[in-house]
Amino acid sequence: MQRLDALVVSDRMEHVQSLVRILDELLINVYVACNLRQAREVLSRQPLSIVFCDELVAGGSYRDLLQSGDAMRKASRYVIMLHTGEWDEYLEAMHLGAFDVIRCPIQPTDVEMALIHASRDQVQKAMWISA
């Protein structure tokens with residue numbers, strides 16, 4: 001299976017540290033952006049398998065990233081990290097194009113499940129394209 005590349009978009013050091021630790025243990029290539037400008041720069045340089053993005057980030061919110069056409073073409077799976085975890089916010093994120101939503105504080109099992117779903121989705125898309 002192809003190794004996943006992940007981008008962590010967060011200006012919260014505790015989220016960055018938690019995600020980098022979890023993803024490193026799973027042998028995921030990790031890139032970090034502390035604001036939306038940096039995230040767009042990373043996404044403009046290379047396609048990424050999955051993006052973990054805080055609901056609010058320096059320079060805007062996950063909505064700005066999801067609504068950016070260039071960003072959506074460069075990464076097919078966005079996982080939004082919600083702090084409130086309310087049902088309405090979950091539905092909005094999914095409606096805007098998020099692949100998955102996890103709640104803070106970040107739990108390793110939530111990250112692992114998002115990665116499992118992303119890996120399955122990647123394999124299914126590859127099979128569909130090659131058919």
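Structure notes:
- The listed residue being at pLDDT 95 or above, under 17 Å from Met81 (Cβ atoms), among the charged types (D, E, K, R) and surrounded by 20 or more Cβ atoms within 10 Å (Cβ to Cβ), out of Asp11, Asp54: Asp54
- Selection over the range 57-78 of residues that are modelled with pLDDT under 85 and assigned to a helix (DSSP H, G or I) gives a count of 6.
- Per this entry, Arg3 is not counted among residues that are modelled with pLDDT of 95 or more, surrounded by fewer than 19 Cβ atoms within 10 Å (Cβ to Cβ) and either part of a loop (DSSP other than H, G, I, E, B) or out of contact with any strand residue (DSSP E or B) (no Cβ under 8 Å at 6 or more places or on another chain) (or both).
- Within the range 9-41, being farther than 15 Å from Asp64 by Cα, in contact (Cβ under 8 Å) with a residue 24 or more places away in the chain and of a type in the set (A, V, I, L, M) holds for Leu19, Ile22, Leu23, Leu26, Leu27, Ile28, Val30, Val32.
- Single condition Met113 does not satisfy, out of (1) surrounded by 19 or more Cβ atoms within 10 Å (Cβ to Cβ); (2) assigned to a helix (DSSP H, G or I): (1)
- In the range 14-27 there is no residue that is modelled with pLDDT under 95, over 19 Å from Cys104 (Cα atoms) and under 14 Å from the mean Cα position of the chain (by Cα).
- Residue check for Gln38: among the polar types (S, T, N, Q), more than 13 Å from Ala6 (Cβ to Cβ) and either at pLDDT 90 or above or not in a helix (DSSP H, G or I) (or both): yes
- Every pair of residues 6+ apart whose Cβ atoms lie under 6 Å, when the first sits in the range 79-103 and is in contact (Cβ under 8 Å) with a residue 40 or more places away in the chain while the second is outside any helix (DSSP H, G or I) and among the basic types (Lys, Arg): Phe99/Arg77
The values are calculated or read from the model by the stated rules, or taken from the named source; none is laboratory data. Computed from a predicted model, the values in this text were never measured in an experiment. Glycine also receives a Cβ, built like all others from the backbone with ideal geometry; neighbour counts cover every protein chain displayed.
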